[in-house]
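I have placed the structure first, in the form of structure tokens, so that the comments after it can refer back to it.
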Amino acid sequence: MTIPAAVANLAEEMTGWRRHLHARPELGFEEVETARFVADRLRAFGIEVTEGVGRTGVVGTLRGRHGGGGRSIGLRADMDALPMTEARALPYASRAAGRMHACGHDGHMATLLGAAAALAGTRDFAGAVHFIFQPAEEGRGGALAMLEDGLFDRFPCDEIYAYHNSERPFGQVVIYDDVVAAAADRFTITVHGRGGHAATPHLAIDPLPIAARILLAIEALPGRLTNVSSPAVVTVGALHAGEAFNTIPDRATLTGTVRCFSEAVRQELQRAIRKVAECEAEAHGARAEIEHETLFAATVNTAENARFVEEAARDVVAGDAIVRNPAPELGSEDFSFMLQRRPGCYFLIGQGDAEHQAICHDVNYDFNDAILPIGAAIFVRLVERRLAPGA
């Protein structure tokens with residue numbers, strides 16, 4: 001592994017930034033203190049800072065010492081935490097009840113701050129780099145908010161890059177030429193029945209067993225409607241109904257997600273979920289109300305930009321640590337919307353070791369600080385290669 005001195009010298013400081021942010025998680029579009037911390041660090045590096053982009057987003061702009069070059073690159077990190085309660089009593093554990101950085105966004109920010117500090121110290125490139133700190137990645141539309149606020153008009157980017165920590169073995173760099181992650185929809189199904197006393201169910205229309213039938217039926221849909229070569233999942237994450245043990249509620253609500261890589265599959269599953277819910281409810285004298293919302297597009301890289309990431313990664317890690325085009329994952333990422341507007345690449349860095357086995361969105365999750373220099377070094381080499389004078 002070859003970490004440039006400009007990055008290696010920042011390893012301890014990056015760890016400090018990451019743990020500071022981990023202890024102070026904020027949810028999407030509430031990242032006020034997080035954004036202030038990021039902006040203060042960027043200014044301390046001598047980087048031009050714009051705050052309030054897409055509500056709580058921050059963009060830092062750095063120009064190289066080899067002239068304008070007319071070219072620019074965007075590097076992006078997400079900032080928001082999740083509404084979860086941290087289980088581990090880490091020295092830097094969340095200080096905010098019911099909130100934690102369970103997806104590694106604290107590490108993404110620290111990585112990008114490290115890359116920004118290293119590049120600001122050398123400025124060994126031509127053109128401009130925009131360090132994009134995005135709010136509200138976890139399903140609240142932060143990427144679209146920044147785009148609607150003129151992100152690429154105000155901060156032109158010829159290409160754009162981001163990474164995510166992965167449960168893969170430590171130090172692996174995973175790069176895809178095409179589809180990286182799934183599109184994701186959120187659905188809510190409300191079954192309207194008729195409430196009553198638990199002792200007289202024949203006088204009521206109990207929405208709970210209807211909701212249970214709908215749950216089982218829709219989670220089985222992908223195995224019957226989709227080709228195994230284009231995988232999909234339907235998962236119900238919440239079922240809410242009733243308030244007392246001896247009553248029949250008048251409604252039950254299921255909330256869940258559809259994940260897939262194909263737009264045709266997405267539309268087919270939307271239609272099927274609606275049909276199952278409406279027919280099950282009608283068969284039992286109830287009524288189903290369905291809401292469907294698209295949260296993320298599929299995350300799709302540009303093959304040429306994936307090659308640029310591989311070239312940069314080979315300057316940092318051994319060749320056998322680079323994994324190309326494994327099966328894409330059914331997780332989702334709203335960097336997808338930025339990749340719809342600009343060519344780029346979203347890659348993964350493995351952080352799995354003996355101390356870091358918990359997966360993302362687990363209450364025991366913690367980012368592995370040892371990958372901070374790897375991510376920062378890849379970003380630095382990517383900029384120096386893509387914005388090399390005369391390139």
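Some observations on this one:
- The set of residues in the stretch 266-276 that are touching a residue at least 40 places away in the same chain (Cβ under 8 Å) and of a type outside the set (D, E, K, R) comprises Leu269, Gln270, Ala272, Ile273, Val276.
- Filtering the stretch 17-24 for residues that are within 23 Å of Ala145 (Cα to Cα) and more than 25 Å from the chain's Cα centre (by Cα) leaves an empty set.
- Matching residues, the stretch 25-80, being in contact with a strand residue (DSSP E or B) (Cβ under 7 Å, 6 or more places away or on another chain), acidic (Asp, Glu) and surrounded by 17 or more Cβ atoms within 10 Å (Cβ to Cβ): Asp78
- Condition check for His130: part of a strand (DSSP E or B), closer than 27 Å to His292 by Cβ and in the same structural domain as Ala312 (by TED's automatic domain parsing): no
- Any hit, the stretch 91-114, residues being under 19 Å from Pro156 (Cβ atoms) and buried (at least 24 other Cβ atoms within 10 Å of the Cβ): yes
- Cβ-Cβ under 8 Å pairs, at least 6 apart or on other chains, the stretch 1-24 side of a type in the set (Ser, Thr, Tyr), far side surrounded by fewer than 19 Cβ atoms within 10 Å (Cβ to Cβ): Thr2/Asp315
- Residue among Glu304, Glu280, Glu263, Glu333 that is buried (at least 17 other Cβ atoms within 10 Å of the Cβ), under 15 Å from Asp178 (Cβ atoms) and not β-branched (Val, Ile, Thr): Glu333
- Residue check, Ala217 surrounded by fewer than 20 Cβ atoms within 10 Å (Cβ to Cβ) and touching a residue at least 12 places away in the same chain (Cβ under 8 Å): yes
- So Ala327, is it modelled with pLDDT under 95, crowded, with 19+ Cβ neighbours inside 10 Å and either under 27 Å from the mean Cα position of the chain (by Cα) or within 20 Å of Ile378 (Cα to Cα) (or both): no
A quick yes/no check of all residues on (1) in contact with a helix residue (DSSP H, G or I) (Cβ under 6 Å, 6 or more places away or on another chain); (2) modelled with pLDDT under 95:
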{"residue": "His101", "(1), (2)": "yes, no"}
{"residue": "Leu112", "(1), (2)": "no, no"}
{"residue": "Ala117", "(1), (2)": "no, no"}
{"residue": "Arg123", "(1), (2)": "no, no"}
{"residue": "Arg140", "(1), (2)": "no, yes"}
{"residue": "Asp149", "(1), (2)": "no, no"}
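- Single residue of the stretch 134-170 satisfying the filter (among the aromatic types (Phe, Trp, Tyr) and touching a Lys or Arg at 6+ places or on another chain (Cβ under 8 Å)) that is surrounded by the most Cβ atoms within 10 Å (Cβ to Cβ): Tyr161
- Checking every residue in the stretch 309-316 against the condition of being over 22 Å from Ser72 (Cβ atoms) and either modelled with pLDDT of 95 or more or under 22 Å from the mean Cα position of the chain (by Cα) (or both) gives at least one match.
- Check on Ala110, within 22 Å of Glu51 (Cα to Cα) and either in contact with a strand residue (DSSP E or B) (Cβ under 8 Å, 6 or more places away or on another chain) or among the polar types (S, T, N, Q) (or both): no
- The stretch 77-96 residues that are on the phi < 0 side of the Ramachandran plot, paired with ones that are hydroxyl-bearing (Ser, Thr, Tyr) and outside any loop (DSSP other than H, G, I, E, B) (beta carbon under 6 Å, 6 or more apart): Met79/Thr34
- Matching residues in the stretch 76-132 - criterion: being within 15 Å of His164 (Cβ to Cβ) and not aliphatic (A, V, I, L, M): Arg76, Asp78, Asp80, His101, Cys103, Gly104, His105, Asp106, Gly107, His108, Thr111
The values are calculated or read from the model by the stated rules, or taken from the named source; none is laboratory data. Quick caveat, the model's predicted, so the values are computed rather than measured. Using ideal geometry, Cβ is built from the backbone for each residue, glycine included, and neighbour counts are taken over all protein chains shown.
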